[in-house]
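This report refers to the structure that appears directly beneath it.
The values are calculated or read from the model by the stated rules, or taken from the named source; none is laboratory data. Remember, predicted model here, so these are calculated numbers, not experimental data. No Cβ is skipped: glycine too gets one built from the backbone with ideal geometry, and neighbour counts run over all protein chains shown. The accessibility values were calculated without ligands, DNA or RNA, using every heavy atom of the protein model including side chains. Shrake-Rupley method; radii C 1.70, N 1.55, O 1.52, S 1.80 Å.
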Amino acid sequence: MDNILNQIGIENYIFLSILLFCIGVFGVLYRRNAIIVFMSIEIMLNAVNLLFVAFSTYHQDPKGQVFVFFSMTVAAAEVAVGLAILVSVFRNIGSVDISNLKNLKG
Amino acid sequence: MAPVLIIFYVLAAITLASAFLTIYSRNPIHSAIYLVICMVSIMGHYLLFNAQFLALVQLIVYAGAIMVLFLFTIMLMNLNKEDEVHKPRITRLGAITVLVLLSTVLLLLFRHSKPFFGDYAPIEGDFQSIKKLGTVLLDNKDGFMVPFEFTSVLLLVAMIGAVLLSKKEKQTK
């Protein structure tokens, strides 16, 4: 059975995942729009999922892919609840700029 | 160069560029569209691994459901204009420094991460077709039946929570 990782190499996937994750971290720190922050979190989750699938193929073990399946479910639930919170915040404050959300500041 | 390697490099370039443009573009709608491109290219990576089930789920869940949710929220809040004020310069500099330092450290850390047991021998037979994954997921003996059921509870709770949170509160006074 011809395996893809013999030709590409697992290191390339590790590097791709690292770069994708760093872009996600950068987005969380750089942007003020809360929706873009959510999108950055999705990018980070996807980077980790990609590495999971890469190692699942590497070890030829389907359990890694089952784990990715669960992680996708949790991501979907997280996005649904998070966007509902954002809608509620927008209704109360009038913007989703995260620098306006400082009611808990001491 | 092997054709698979060329496909990998093209896909990786698309993934990284669209992920960066997601963060960089000012208009949230453009960000959502770039995020769709990013998700679809990650689906291409899954297809390259021959992980068919996850490729389909990635397309349906991420590029379909989550993106519709994002676009719906953006349009609900009427955010499709570019009126975002930038953060103060020191914060932006800090973010760029974090990006550079984190990626440098991680890349150097994993540069020599050669697998411990050398080359592995490919196993004959499939290990990631939809049939096989379903067996692993829902096997009676050592499957993931209980987490699977709890996942449905999690989705139910998330649905109820989302409805409750975004419901308009009645004025009692």
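Selection within the range B:123-173: residues that are in a loop (DSSP other than H, G, I, E, B) and closer than 30 Å to A:Asn92 by Cα. The member of this set that is modelled with the lowest pLDDT is B:Lys173. Apart from one condition, A:Val96 fits all of (1) surrounded by fewer than 19 Cβ atoms within 10 Å (Cβ to Cβ); (2) of a type in the set (Val, Ile, Thr); (3) farther than 30 Å from B:Ile130 by Cα; the exception is (1).
Pairing each residue of the range B:132-147 that is farther than 17 Å from A:Ser56 by Cα and more than 8 Å from chain A (Cβ to nearest Cβ) with any residue that is in a helix (DSSP H, G or I) and open to solvent by less than 80 Å² (accessible area, probe 1.4 Å), provided the two are 6+ apart or on different chains, yields C-beta distances under 7 Å for B:Leu138/B:Met145; B:Leu138/B:Phe148. Scanning the range A:59-82 for residues that are in contact (Cβ under 8 Å) with a residue 40 or more places away in the chain and open to solvent by 50 Å² or more (accessible area, probe 1.4 Å) turns up nothing.
Determine whether A:Ala54 is crowded, with 17+ Cβ neighbours inside 10 Å and under 30 Å from B:Lys132 (Cβ atoms). So A:Ala54 fits the description; yes. Taking the range A:59-73, which residues are more than 7 Å from chain B (Cβ to nearest Cβ) and under 22 Å from the mean Cα position of the chain (by Cα)? Those that are more than 7 Å from chain B (Cβ to nearest Cβ) and under 22 Å from the mean Cα position of the chain (by Cα): A:Gly64, A:Phe67, A:Ser71. Counting only helices (runs of 4 or more DSSP H) that fall entirely inside the range A:1-91 and contain at least 3 residues that are more than 15 Å from B:Tyr46 (Cα to Cα), the qualifying elements are A:10-30, A:34-59.
Return a yes/no flag: does the range B:52-61 have any residue that is modelled with pLDDT of 90 or more, β-branched (Val, Ile, Thr) and crowded, with 18+ Cβ neighbours inside 10 Å. Within the range B:52-61, one or more residues are modelled with pLDDT of 90 or more, β-branched (Val, Ile, Thr) and crowded, with 18+ Cβ neighbours inside 10 Å. With respect to (1) farther than 18 Å from A:Ser40 by Cα; (2) open to solvent by 40 Å² or more (accessible area, probe 1.4 Å); (3) at pLDDT below 75, the lone exception for B:Tyr120 is condition (2).
In the range B:27-52, the residues that are touching a residue at least 12 places away in the same chain (Cβ under 8 Å) form Cβ pairs under 6 Å with partners that are acidic (Asp, Glu) and surrounded by fewer than 21 Cβ atoms within 10 Å (Cβ to Cβ), at six or more places apart or across chains, as follows: B:Asn27/B:Glu82.
Within the range A:15-33, restricting attention to residues that are open to solvent by less than 10 Å² (accessible area, probe 1.4 Å) and in contact (Cβ under 8 Å) with a residue 12 or more places away in the chain, the residue that is farthest from the other protein chains (Cβ to nearest Cβ) is A:Ser17. One residue is enough: does the range A:50-57 have a residue meeting the conditions of a type in the set (S, T, N, Q) and farther than 21 Å from B:Ala158 by Cα? Looking through the range A:50-57, at least one residue is of a type in the set (S, T, N, Q) and farther than 21 Å from B:Ala158 by Cα. Here B:Ile23 does not qualify as open to solvent by 70 Å² or more (accessible area, probe 1.4 Å) and of a type in the set (A, V, I, L, M).
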